[in-house]
Amino acid sequence: MFGKRILVVCALASAVLLGVRCDDSDDSQNNFVTGNWRIMSVSLSGQSTGLQTPDAEIISISFQNSERYSGTTSANTFGGNYELTGGILTLTSFTTTEVADTPFAGAFYEAISAAIVPNTTYAEFDFSVAADTLMLNFSDSGVMRLQRQ
């Protein structure tokens, strides 16, 4: 009888440890996108060529472990909350200052708008990370390329 109890306790402890390990996988996924990124190019759906960032212009975005993000363009700041689920990055909220900006920043804001899921207020991107490059795919064929800073 005592041996069966130990076996049951060991089985329960294993299940708990496996559950904790599964939860850690979400943290490792966050590690792929957390940090500071520079928007290098924006290709909107239906465009044959995308806009490359001008050398002197920096649009940056920082993803924190707390599922918050913030960033800057030449003239504005923006931020909000995000979630990662599988290969999907969802901006669950997005706020920005509203000062006239550069054409490249305009393309960035247009990409965020194009990624908004119909009848919602959030933007979804399929994402992939390779080395120091983060690719955000949206809409039919839109893509933003970011480089880790």
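General remarks:
- At an R0 of 30 angstrom, the distance between the Cβ atoms of ASP140 and GLU57 translates into a FRET efficiency of 0.70.
- Cα centroid separation, the stretch 46-83 to the stretch 126-146 (Å): 13 Å
- Label-to-label distance, ALA130 versus ALA100, with points set 7 angstrom from Cα along the beta-carbon direction: 4.0 nm.
- Cα-projected label distance for THR85 with ASN65, points at 7 Å along beta-carbon direction, nm: 2.4 nm
- For the stretch 42-149, the list of GluC sites (Glu not before Pro) that fall in a loop by DSSP and count at most 16 other C-beta atoms within 10 angstrom reads GLU57, GLU67, GLU98.
Read-outs: derived from the displayed coordinates by stated rules, not from any lab. All of these numbers come straight from a predicted model, not from anything done at the bench. Heads up, the Cβs are rebuilt from the backbone with ideal geometry, glycines too, and the neighbour counts pull from every protein chain shown.
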